[in-house]
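Colleague: Dropping the structure in here first, questions after.
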């Protein structure tokens, strides 16, 4: 599984960063991004699923590696 933040869709609500602060942060413009060095392990973090559900505009998503 891999996690993705759609920066075109993100409105900077910050719900992902509040839900999973070990994985997400907000850049200088207020948009969400995955913390450097966390992309590989991010999908396995226990709160990532909650962060996906918490995003009010569905900018955060999980994708299979099929």
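Colleague: Give me the percent of Cα-Cα pairs in region 2-59 that sit more than 17 Å apart, rounded to a whole number.
Modeller: Distances greater than 17 Å cover 23 percent of the Cα pairs.
Colleague: Another one. Would you work out the relative contact order for the chain, in percent, from Cα pairs under 8 angstrom that are 6 or more residues apart? Provide the component values of the computation, followed by the final result.
Modeller: On the way: 114 pairs, mean separation 31.1, N = 66.
Dividing the mean separation by the residue count of the chain yields 47 percent.
A short reminder: the numbers here are calculations on the coordinates, not readings from a lab. Only a predicted model underlies this, so the values are computations on that prediction, with no experimental measurement involved.
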